[in-house]
Each structure stands twice: as structure tokens, then as C-alpha cells.
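Colleague: My questions will all concern the structure given below.
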Amino acid sequence: MVNKKNNMKAKDKANELGNKLYQGSVFDYDKEEHVVEKKKAKKRAHVCIDVFIDFLHRQTDKQTKLKGVTPLEYWEQVKEEVHNL
């Protein structure tokens, strides 16, 4: 599946997200440690994606749509709240 806005394929977006959630650098780890950190990054990515998918499902249900707030505004608010933690 290709995102029309930025033409990024799902695999490319998955790699981008995994790289952003990988802690440290591949040069910081030996081969075994790299494999462990890669698994952790994948788990982190799954959590992010599950939250987003859940949100999108709720957006399709008229009873749970956000009132007066666009999905973009909502996620910007969430990002700000994470910053404030």
C-alpha cells in the first residue's frame, strides 16, 4: 500500500518507525545486543501502531468521534501531553 501524500510504501514507513524507536546506534551493540534492541524497537512500534489503529477505528464509529477536534489536532494534543509528562 502506498501513501499518496508522500508515496512511502508500508514497508518503508515500518522501517522508518523502527529506526526512530531503536535506542542507540547499531555501532553501540555487538550482534547479540543489536538483535535484542531490534526486537525491543519492533515491540515499541507495535504499541504505537496499535494505539493509532484503535483511534482510527473509533473515528469510524459516529458515537465515539471527537467533538470539535480533528484527528490531527487530537494527536498534536497527545504529543504535547506526552511532552508534559
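Colleague: Could you run the Karplus curve 6.51 cos²θ - 1.76 cosθ + 1.60 with θ = phi - 60° over the range 40-57 and give me ³J(HN,Hα) per residue in whole Hz, x for Gly and Pro?
Modeller: Coupling constants for the range 40-57: 5, 4, 5, 5, 4, 4, 4, 4, 4, 5, 4, 4, 5, 4, 4, 4, 5, 4 Hz.
Colleague: Given points 7 Å out from each Cα along the Cα-Cβ axis, report the Cys48 to Val69 separation in nanometres with one decimal.
Modeller: Going from the Cys48 label point to the Val69 one covers 2.1 nm.
Colleague: Mind giving me the FRET efficiency for Lys38 and Gln77? R0 is 30 Å, r the Cβ-Cβ distance, nearest 0.05 is fine. Walk me through the intermediate numbers first.
Modeller: Details: r = 31 Å, r/R0 = 1.05.
Computed FRET efficiency for Lys38 and Gln77 comes out at 0.45.
Values quoted throughout were computed directly from the atomic coordinates according to the rules given, and no laboratory measurement underlies them. Keep in mind the model is a prediction, meaning the values are calculated, not measured. We place every Cβ from the backbone using ideal geometry, glycine too, and count neighbours over all the protein chains shown.
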